[in-house]
Amino acid sequence: MRVVQVTLALASLAGAVSAGAGGVQVGAIRWDAYWGKPGDADWDDKNFGVVTRTTTLDMSPQKWHYRLPFFGQELNDTAITCDGNSADVMGQELEYAAAHGINFWSFCNYPIGCKDMHPPDSDCKGIQCCADNVGLSYAWNQYLAHPDNHKVNFTLLLQPGYWFPTALKGGNETLAQELGRYVAYFRRPNYQKVLGGRPLVFLFGGAAVASDLAALRAATKAALGVEPYIASMNGQDLPGLIDAASKYTTGGGTPSGSPFVSTIAEPEAALWASRAAAGRKVIPTVSAGWDNRPRIDDCPWGNGSAAHTIDPTMQELEAHTAAGLAFVKANPGAAETNTMLLSAWNEHDEGHWIEPTIAKYGGAEKLEAIKRAIDKAAASLRE
């Protein structure tokens, strides 16, 4: 694997924003499916994770190479590698994020009970258990172990109806054990907290069960003296259990490609405003695009579509980021956590990524556009 070295000028490091624009905390969603490569011992094994094989194969045609993460490698016009499972890659990601104003990553979380790619059948009681979940947690484990993880905070992004509680899909923790693990994460100094030390938690997937959320809140309160601040991306509203509304991303488009501004930027801004007007608390999400056509031909879960949005120009991405920051600052009641999400750090094959790509395809241009918006917003507050 070719690992692209990250060269950060001292000026960039000095400009890294510890608190976004005027205190706005800027996060980015992580979906980590880029690990392993042909030739690895498990790559051709029937038990190897379906997800990582898919993300490699569906971006292998040359027309999709422009979206490969910086650690990817083009082998030829029909083959790539995309193995990000190393401390070196995680260190470079941390440097990129910290230097461009990303305060925290929100990691999609999966069961941790399976330890390798060859679990016994008894360990895989549900779909997409074990082998896939081992791989989908590699980057998470690299982050937790990395000595520089203090540079970018983290949150949990739990998935009700799928893997929260994790026992739903074969995890071998009881709910009490799972909540104890989460509380241990909350205790870490680099866990993202809001409003006087409340751990920030996102929900995405199906509807959460009220008793599960109540148990999470109670376990946190008993251990830390505060309840978690829970934001649902599912449209679910459970007063007293869910604190705010957010969103994973905005999809849509047409087979010929729809404009970014009218398909994503304007509808997202309208959603923030409508939720605030309805009295909801809001953590706005700024999506960086939508184009999952790579998944049409090679995706077992079948969510690829010809309908897509044209990738934003860097000016459009900067403007949408600026709009999200402006909403947070203009609506301190609704956006009470002073927080904004970017979607997403690494949804490369789904078509909404901000992580740097291979240099010849633009490198860190998306992060640079985001950083311009953050810097301008911060400067406007100082004037």
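Filtering the stretch 354-372 to residues that are more than 20 Å from the chain's Cα centre (by Cα) and surrounded by 14 or more Cβ atoms within 10 Å (Cβ to Cβ) leaves 361, 362, 372. Restricting attention to the stretch 310-348, and to residues there that are under 17 Å from residue 198 (Cβ atoms) and hydroxyl-bearing (Ser, Thr, Tyr), which single residue is surrounded by the most Cβ atoms within 10 Å (Cβ to Cβ)? Of everything passing the filter in the stretch 310-348, 339 is surrounded by the most Cβ atoms within 10 Å (Cβ to Cβ). Going through (1) part of a loop (DSSP other than H, G, I, E, B); (2) within 22 Å of the chain's Cα centre (by Cα); (3) within 27 Å of residue 317 (Cβ to Cβ) one by one, residue 266 falls short only on (1). Only one of the numbered conditions (1) assigned to a helix (DSSP H, G or I); (2) of a type in the set (A, V, I, L, M); (3) surrounded by fewer than 21 Cβ atoms within 10 Å (Cβ to Cβ) is violated by residue 139, and that is (3).
Among the numbered conditions (1) assigned to a helix (DSSP H, G or I); (2) modelled with pLDDT of 90 or more; (3) crowded, with 23+ Cβ neighbours inside 10 Å, tell me where residue 133 comes up short. Answer for residue 133: the failing condition is (2). Among the residues of this structure, residue 325 does not count as one that is within 30 Å of residue 51 (Cβ to Cβ) and at pLDDT 95 or above. Would you be able to say whether some residue in the stretch 107-114 is at pLDDT 95 or above, in contact with a Cys (Cβ under 8 Å, 6 or more places away or on another chain) and not in a loop (DSSP other than H, G, I, E, B)? Looking for residues that are at pLDDT 95 or above, in contact with a Cys (Cβ under 8 Å, 6 or more places away or on another chain) and not in a loop (DSSP other than H, G, I, E, B), one finds none in the stretch 107-114, hence no. Screening residue 87 against (1) crowded, with 23+ Cβ neighbours inside 10 Å; (2) more than 25 Å from residue 290 (Cβ to Cβ); (3) modelled with pLDDT of 90 or more leaves a single unmet condition, (1). Can residue 287 be described as in contact with a helix residue (DSSP H, G or I) (Cβ under 8 Å, 6 or more places away or on another chain), under 22 Å from residue 345 (Cα atoms) and either surrounded by fewer than 21 Cβ atoms within 10 Å (Cβ to Cβ) or without any contact (Cβ under 8 Å) to a residue 12 or more places away in the chain (or both)? Against the criterion (in contact with a helix residue (DSSP H, G or I) (Cβ under 8 Å, 6 or more places away or on another chain), under 22 Å from residue 345 (Cα atoms) and either surrounded by fewer than 21 Cβ atoms within 10 Å (Cβ to Cβ) or without any contact (Cβ under 8 Å) to a residue 12 or more places away in the chain (or both)), residue 287 does not qualify. Condition check: at pLDDT 95 or above and part of a loop (DSSP other than H, G, I, E, B). Does residue 213 satisfy that? The answer is no for residue 213.
Candidates are the residues of the stretch 143-174 that are in a helix (DSSP H, G or I) and either in contact with an Asp or Glu (Cβ under 6 Å, 6 or more places away or on another chain) or modelled with pLDDT under 95 (or both); the one that is surrounded by the fewest Cβ atoms within 10 Å (Cβ to Cβ) is 167. The numbered conditions (1) closer than 26 Å to residue 60 by Cα; (2) at pLDDT below 95; (3) assigned to a helix (DSSP H, G or I) are all true for residue 380 except (1).
The values are calculated or read from the model by the stated rules, or taken from the named source; none is laboratory data. Predicted model only: the values in this text are computed from it and were never measured. As a convention, Cβ positions derive from the backbone with ideal geometry for all residues, glycine included, and neighbour counts pool all protein chains shown.
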